[in-house]
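Student: Dropping a structure here in structure tokens format, bear with me for questions.
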Amino acid sequence: MAAVLSYESLVHAVAGAVGSVTAMTVFFPLDTARLRLQVDEKRKSKTTHMVLMEIIKEEGLLAPYRGWFPVISSLCCSNFVYFYTFNSLKAVWVKGQHSTTGKDLAVGFVAGVVNVLLTTPLWVVNTRLKLQGAKFRNEDIVPTNYKGILDAFHQIMRDEGILALWNGTFPSLLLVFNPAIQFMFYEGLKRQLLKRRVQLSSLDVFVIGAIAKAIATTVTYPMQTLQSILRFGRHRLNPENRTLGSLRNVLYLLHQRVRRFGVMGLYKGLEAKLLQTVLTAALMFLVYEKLTAATFTVMGLKSGRRR
């Protein structure tokens, strides 16, 4: 229990949250382009820069940053939960010994499940807010009118039921392998580099963070596409004209996506996602490592990272 409630776990959680917020703010327009490509299937533009140019032209200069606050709020909470859980579990399991690739994957998976169950409602709301006011090519998308985060929560629960706040939980639970794989490769590459040098440079951290995220994103991207569509939840299912909003539609979405666009339809927006997520993860890990190291140095403590 002492390890779970330790000061070290809190430092890692705060540093992870700050790192993710910093990185996402810098690369937020890329995430906007990725989300449009995933949700608006009839958009003809296929490249990131073309989608961003269309958004700016049609919706204004600040449109790529629409929904920044709810996304950043959700990301801050999500990464705080993930980093705290990951480092607490690792402290309990490893107990001062050297970690292994298998242990990193298992701890990352459990931390991901905890994170999904606690923070999915925040991501559902921020996806809705981020796409509100967007100009879609797909006429099956139902528009929304939310006044803010609290109003979005209220309307979703009133009109769709409280379980709608957990739309996309099934693919999200499958996607816990994304951060688990990411952390497994990150920790593994870091251990290998530390065998040959005393400490890592900023470039080392940036590169291994980018490599780890690129692998994790490519492997899990089809489920990320379904996750985005389910969280948005404003498509209609024909012919009944029902609104998407339950986990039972995962297989339906998968079948329809492949039937209409082929297997590559599941990878629509991958370029934007890789560009955004790899750069964001690399910068996040860089800020995270520097902030934790600086904090432990100021407090006169040794880093609590278990290797």
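The values are calculated or read from the model by the stated rules, or taken from the named source; none is laboratory data. Bear in mind the structure is a predicted one, so any value in this text is a computation, not a measurement. Calculation scope for accessible area: heavy atoms of the full protein, side chains included, ligands and nucleic acids excluded. Shrake-Rupley method; radii C 1.70, N 1.55, O 1.52, S 1.80 Å.
Student: Give the accessible surface of the chain per residue, rounded to a whole number of Å², with probe radius 1.4 Å and ligands, DNA and RNA excluded.
Tutor: 46
Student: Just how far, in whole angstrom, is region 8-37 from region 121-193 if you go by their alpha carbon centroids?
Tutor: Answer, in whole Å: 14.
Student: Students often forget the sequence filter, so: which lysines lie under 30 Å Cα-Cα from Lys57 once same-chain residues fewer than 8 apart are removed?
Tutor: Answer for Lys57, where 30 Å is the Cα cut-off: Lys42, Lys44, Lys46, Lys130, Lys135, Lys147, Lys268, Lys273, listed by chain and number.
Student: Given the DSSP H assignment, sum -39500 (n - 2.57) over each helix run of at least 4 residues in the chain and divide by its residue total; what's the result at 222 nm in deg cm²/dmol, nearest 500?
Tutor: Per the formula, -23500 deg cm²/dmol.
Student: Between Val298 and Leu150, what length comes free when the chain is fully extended (0.36 nm per residue of separation minus the Cα-Cα distance, one decimal in nm)?
Tutor: Length gained, Val298 through Leu150: 49.4 nm.
Student: For Cα extents along the principal axes in Å, the listed values are (i) 74, 44, 32; (ii) 61, 38, 35; (iii) 69, 45, 37; which was obtained by calculation from the structure presented?
Tutor: So the calculated entry is the one marked (ii).
Student: Lysines near Lys103 by alpha-carbon distance under 23 Å, same-chain residues fewer than 8 away left out - which ones?
Tutor: Lys90, Lys95, Lys190, Lys195, Lys213, Lys302
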